[in-house]
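Report on the following structure.
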Amino acid sequence: MKDETRERVLRAAAEIGYVPNALAQQFARRKSGNIGVILPFVPKVHLFSTYYFSEILSGIGETAKRCGYDLLLIFREYGGGRDYAKLFRTQKIDACIVLGSENVPEERVALTELKSEGYPFCLVNQRYDEESYATVDSDHMAGSMAAVNHLIERGRRNIAFLNGPEQYSNSTDRLQGYTLALQAAGLPVTAEQIFIGNYSRKSGYEMAERIGKAIGDGVIDAVFAANDRMAIGLMQGLRERGYETGRDYSLVGYDDSDSSRIISPMLTTVAVPFYEMGRRAAARLLDVEYKAAGAEGELELLPVRLIARETT
């Protein structure tokens, strides 16, 4: 368009109060204006009421708003396909963040397709070490070691570990940290000390029967749980069986959720910067200055810290 013609068009638009249609502009630019957040389908769990998801989503949302994007939340179908690339091909999203990614074949296929087709995406709290995916995670191995060392320093020698499912890299990291801390202290690591839940409060509560028996038999004197929800469920179940944390056993959780601060006794835990993880994941995809300062495909590993409270 010639400059003279452009000026006439702009003058006419100003006279009639014309405002450009944002949707039409996005369509012309082949942009949706959305950043997609892929969430897991977890039966009987209200995701937005959980500390983990609410904190990460808050961090993503703050950055998206600052960068002029809207959030589009996509729930992964339970047991269904994972065609994440379709969201880009149908112009629903311009970038996406994957939460609750699992190391299972169908997830690997979906992520490989995103990578091969050049679509911008970032994983949060899940790593695939053999792949060069953009990832924001926390140092869960160091956090686990800090939790176990804290118990050892307080004279505990028979420390059980209540972990989450193995398809999550953070579960693997925490198991490694737990094992290394015990080995460094010259303490044995046995299969009888390791229990598996699913990160829900209910799974911790249900594990109280087995762990309570071990406490009663003198086989366990402390428990490190891989998140606060399982720790609190376990504490409740053990209390119903007559075992009190601080008196009969010590307990450390993980996350530093709101619940860990208001339960009685207050839960010793490991603080994880979930809000910052979400903020940085969105910035990697949307913030021009942040992307320019970083390296595409590299892992950002954020520090965690132990917070000692009453259960130890």
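None of the figures in this text is laboratory data; all of them are computed from the coordinates on show. This structure is a prediction, so every number in the text was calculated from the model and none was measured. Positions of Cβ are backbone-derived with ideal geometry, glycine not excepted, and every protein chain shown enters the neighbour counts.
Below is a table of values for the structure above.
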{"read-out": "Net charge contributed by nearby residues that have their C-beta within less than 15 Å of TYR84 (K/R +1, D/E -1)", "value": "-2"}
{"read-out": "Translational D in µm²/s for segment 140-272 (Stokes-Einstein at 10 °C, 1.306 mPa s, Kirkwood Rh from C-alpha pairs)", "value": "112 µm²/s"}
{"read-out": "Three-way shape call for segment 216-312 based on the alpha-carbon gyration tensor, with the a/c threshold at 1.5", "value": "prolate"}
{"read-out": "Mean Cβ count within 10 Å, highest first, over the residues of peptides 63-72, 136-145", "value": "136-145, 63-72"}
{"read-out": "Cα-centred dipole magnitude for segment 140-272, charges only on beta-carbon of K, R (+1) and D, E (-1), debye, nearest 20", "value": "140 debye"}
{"read-out": "Positive minus negative residues near ILE263 (Lys, Arg vs Asp, Glu; Cβ under 14 Å)", "value": "-1"}
{"read-out": "Relative pair counts by distance (%), Cα atoms of segment 76-193, 10 Å bins", "value": "12, 36, 24, 17, 9, 2"}
{"read-out": "Packing rank of 272-281, 122-131, 226-235, where each peptide gets the mean count of other beta carbons within 10 Å, highest leading", "value": "226-235, 272-281, 122-131"}
{"read-out": "Global geometry of segment 127-201, whether rounded, prolate or oblate, following the gyration tensor of its Cα atoms and the 1.5 cut on a/c", "value": "prolate"}
{"read-out": "Members of LYS65/LYS115; LYS92/LYS202; LYS115/LYS202; LYS31/LYS115 lying beyond 28 Å, as alpha-carbon distances in this model show", "value": "LYS92/LYS202; LYS115/LYS202"}
{"read-out": "Cleavage-rule hits (GluC sites (Glu not before Pro)) in segment 54-96: DSSP loop, at most 13 neighbouring Cβ within 10 angstrom", "value": "GLU77"}
{"read-out": "Net charge of neighbours whose Cβ lies under 10 Å from the Cβ of ILE307, counting Lys and Arg as +1 and Asp and Glu as -1", "value": "+2"}
